[in-house]
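What follows is calculated from the coordinates using simple rules that are stated; it is not laboratory data. Nothing here was measured: the structure is a model prediction, and the numbers come from that model. All Cβ positions, even for glycine, are placed from backbone atoms using ideal geometry, and neighbour counts span all protein chains on display.
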Amino acid sequence: MSLVIQSVSPHIGAEVIGADLAQPVGDNLFRQLHQAWVDADGLLVIRDQRLTPEQQISFSRQFGELASAGDNPVIQKYTLPGYPEIFRVSNKKQDGEPLGREDAGTYWHSDGTWQTFPSKASLLYGIEIPRVGGNTMFADLYQAWETLTPTMQHMVEGLKAVHAMANAGGTSFEREFTGKGDVVAAKTAIHPLVITHPDSGRKALFVNRGYTARIVGLSRPESDALLGFLFDHSTAPELVYRHTWRSRDLVIWDNRCTAHYAIPDYKAIGDRYLHRTSVKGDRPMQ
């Protein structure tokens, strides 16, 4: 069966039908999928997969080195036993213990921007999906840059910002902070507000409400005002695709040019259980 690749929104995202990632993915197929991902502004939905943990890990590694539980002690308890590369997202419990992190990503963010080399990609595989709800929104940070006025582009290009894990306090991360203040406080990095993506060569606005804490060289009121505008602009409805999950979707997003928000509206409806792998960054943002 040949691949069918089609857009899911006017700007960001494409879905792939006809791929079978349970089979070894050769170089030609991977190049085709990778190019579709780049062309879709860093968001690819691959439908109808039946993946074991080993198969998900094997495919994910084609994008680069994977993060493992030891890379983030705040969330390592949510990894799949025996598979430190797989982080579980779920509201399910077994013997009173959570099988995964229930409220993962319930705020606008890009994964790992508090790292010196931010996460390159995340791959989330839907195993159990509630009948309704549990959607994930994705914002296009290329479009966020391209739809700024030339005056605002001139103002922000060249500025840098501090990204901090601790900035997510007050979100669903807050309870994990208890007793880990030193670890969390150490997780900071400085990145340009505007980056050039290494694969596409396009500029993207590199900010997210979850982890971008302040702009270097501005006073706190100046920084808060400018970041507040950029946060609202980058997640405007016309720049956002809302993904309605189907069981066996594999969704791949690029943390260098997208932000995302997991909507926690499903808990009264049913169970949600997903496996995520994360590809480490291999270079600074520039």
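When the Gaussian network model of the chain links Cα atoms closer than 10 Å, the mean-square fluctuations of G42, G112, G201 top out at G201. Evaluating 6.51 cos²θ - 1.76 cosθ + 1.60 at θ = phi - 60° for every residue in region 222-237, the Karplus couplings come out as 5, 4, 4, 5, 5, 5, x, 5, 5, 4, 5, 5, 6, 10, 4, x Hz, glycine and proline recorded as x.
Among the listed pairs K93/K120; K92/K280; K160/K187; K203/K280, which have their C-alpha atoms separated by more than 24 angstrom in this model? Numbers along the way, then the final one.
Details: K93/K120 30 Å; K92/K280 27 Å; K160/K187 17 Å; K203/K280 21 Å.
As for pairs spanning more than 24 Å Cα to Cα, those are K93/K120; K92/K280.
Backbone amide hydrogens, once placed in the peptide plane, bring E65 within less than 5 Å of K280, excluding anything fewer than 5 places away on its chain. When the chain is treated as a Gaussian network with alpha carbon springs shorter than 10 Å, the biggest mean-square fluctuation among F30, F229, F59 belongs to F229.
Across region 206-211, rounded Karplus estimates of 3J(HN,Hα) from the backbone phi angles (6.51 cos²θ - 1.76 cosθ + 1.60, θ = phi - 60°) give 9, 9, 8, 4, x, 10 Hz, Gly and Pro being marked x. Rounded to the nearest whole Hz, the Karplus-based 3J(HN,Hα) values (6.51 cos²θ - 1.76 cosθ + 1.60, θ = phi - 60°) of region 88-97 follow the sequence 9, 10, 6, 9, 7, 10, 10, 6, x, 9, with x at glycine and proline. Distance between the 7 Å Cα→Cβ label points at R47 and R220: 5.1 nm. Simple spin-label estimate for S200 and Q23 gives 3.0 nm between the two label positions (7 Å along the Cα-to-Cβ direction from each Cα). Looking at the chain, the DSSP beta bridges with both ends there are about 95 percent antiparallel.
Helical runs assigned H by DSSP (4 residues or longer) give the chain a calculated mean residue ellipticity at 222 nm of -5500 deg cm²/dmol, each run adding -39500 (n - 2.57) before division by the residue total. Counting other Cβ atoms within 10 Å, which trypsin sites (Lys or Arg not before Pro) in region 26-111 have at most 16 and lie in a DSSP loop? Sites meeting the loop and neighbour criteria: R47, R50, R61, K92.
Relative contact order, percent, of the chain when contacts are C-alpha pairs under 8 Å separated by at least 6 residues? The partial results should precede the final answer.
Working: 623 pairs, mean separation 91.7, N = 286.
Value for the chain: 32 percent.
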